[in-house]
Amino acid sequence: MASGVRSEFALRNRRRCRRWLWLLLLGASSHAQTCQSAADMDASVRTALETVAKRYFEMSARGDSAALKQNSIASVAASFAGIEAAVKENQSAFTGAKATVRPPFLLTADGPEPLARAEFLCGVFGKLGQTKDSAVFVLPNLPRGQYGVTIIDVNGDKAVMTLTLVLEQEGSDWKLAGFFPRSSQAAGHDAAWFTQRARDFKTKSQNHNAWLYYREAIFLTAPVDVMSTLATDQLYDEAQAAQPADVPVNGNTVDLSAGGKIYHLTEIFMLAVGNDLDVEVKYQAADVSNTARTFQENTAVIKALVARSPELREAFDGVVARAVEPSGHDYGSLMAMKDIK
């Protein structure tokens, strides 16, 4: 139930959807959905959402997973390991940090069956789509009910991040239905830095670098992947304009020739490790149990990728190649850029 994984779904629909499998949701069908922004909702509801969000944040800062579980909806409490791990991982960043709750959103899903694709348009929209005060949420398989989305800006000595809490109303209570911490920085840089770098690379016709940096900027701008705003939509438009033809997107593979063999690339994205910015590429593999052989194939993929796109040398500290079996089992190798000949 924690955030952190990028996906093509999260980046590809500029005006309508962002991806994240949050809430433990089941079902199909489609009915009505409405959204109220903070300015539209009853003052008592807004106060309740903000108060509960602060209380759950304080539980997280104390590392009190038991209390969070006790205050969760039944489906989340029954599968709480992900949230518990996220609480433990982020507790040190939360402790002593200043937490500010943004104006919340109230989502209402109506109908006798879960919504296969619930889309919520929040706030005021203009002729060209979103405005600075609007937001769009797209949630898959959403059961009927009322949901509060609260975003908390967390500023501390150890991290600058957001914590998005999804709350579901049960009687007079707001129960925890989703817990999504996300860093607002990568390798010490924020979304504005990545955006500017992306634009600089685009000016130099380094579209591979530009596209990867735009994607990181989008990720850091959105508190959670199922939410889009004017800012993320504008970045997505810029990313689309820079997208090279030879990158795997939308579930499609791209072929890469290396060492007399064709490798089917499935994903390529930026990976921040400490202060380093690496580029990671995943490819299909039948079997990774022979790690010595897989290491050689990873090395071949890394060298071929950089040979095909030498501009990567300017933007990244290293390259990770990860062979992935159909089962999902994988084996990865990292090479520093200076060692790639």
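The values are calculated or read from the model by the stated rules, or taken from the named source; none is laboratory data. Keep in mind that this is a model prediction, so the values were computed, not measured. So basically every Cβ, Gly included, is an ideal-geometry build from the backbone, and we count neighbours across all protein chains shown.
Annotations for the structure displayed:
- Residues located in the stretch 63-77, provided they are without any contact (Cβ under 8 Å) to a residue 24 or more places away in the chain and surrounded by fewer than 17 Cβ atoms within 10 Å (Cβ to Cβ): ASP64, ALA66, ALA67, GLN70, ALA74, ALA77
- Qualifying residue in the stretch 280-288 (condition: without any contact (Cβ under 8 Å) to a residue 40 or more places away in the chain and either surrounded by 16 or more Cβ atoms within 10 Å (Cβ to Cβ) or of a type in the set (Val, Ile, Thr) (or both)): no
- Complete set of residues in the stretch 63-77 that are under 16 Å from GLY178 (Cβ atoms) and either outside any helix (DSSP H, G or I) or not assigned by TED's automatic domain parsing to the domain that holds GLY171 (or both): ASN71, SER72, ILE73
- Here is the figure for the stretch 43-62: residues that are surrounded by fewer than 17 Cβ atoms within 10 Å (Cβ to Cβ), of a type outside the set (S, T, N, Q) and more than 23 Å from the chain's Cα centre (by Cα) total 4.
- When each of THR291, THR266, THR253 is tested for being farther than 28 Å from VAL149 by Cβ, exposed (fewer than 13 other Cβ atoms within 10 Å of the Cβ), among the β-branched types (Val, Ile, Thr) and in contact (Cβ under 8 Å) with a residue 12 or more places away in the chain, the lone residue that passes is THR291.
- Some residue of the stretch 83-102 being without any contact (Cβ under 8 Å) to a residue 12 or more places away in the chain and either among the small types (Gly, Ala, Ser) or outside any helix (DSSP H, G or I) (or both): no
- Any hit, the stretch 279-294, residues being touching a His at 6+ places or on another chain (Cβ under 9 Å), at pLDDT 95 or above, closer than 20 Å to GLU216 by Cβ and of a type in the set (A, V, I, L, M): yes
- Every pair of residues 6+ apart whose Cβ atoms lie under 6 Å, when the first sits in the stretch 176-188 and is farther than 27 Å from ASP276 by Cα while the second is among the β-branched types (Val, Ile, Thr) and part of a loop (DSSP other than H, G, I, E, B): ALA177/ILE73
- Of all residues in the stretch 214-237, one or more are touching a strand residue (DSSP E or B) at 6+ places or on another chain (Cβ under 7 Å) and among the acidic types (Asp, Glu).
- Look at (1) crowded, with 20+ Cβ neighbours inside 10 Å; (2) out of contact with any Pro (no Cβ under 9 Å at 6 or more places or on another chain); (3) not in a loop (DSSP other than H, G, I, E, B) and you find that ALA241 fails only one, number (1).
- Filter result (under 21 Å from THR253 (Cα atoms) and small (Gly, Ala, Ser)) within the stretch 290-341: ALA300, ALA304, ALA307, SER309, ALA321, ALA323, SER327, GLY328, GLY332, SER333
- Looking only at residues of the stretch 294-341 that are over 16 Å from HIS208 (Cβ atoms) and among the β-branched types (Val, Ile, Thr), we find that the one that is surrounded by the most Cβ atoms within 10 Å (Cβ to Cβ) is THR294.
- Single residue of VAL87, VAL124 found to be hydrophobic (A, V, I, L, M, F, W, C), within 13 Å of LEU163 (Cα to Cα) and in contact with an Asp or Glu (Cβ under 9 Å, 6 or more places away or on another chain): VAL87
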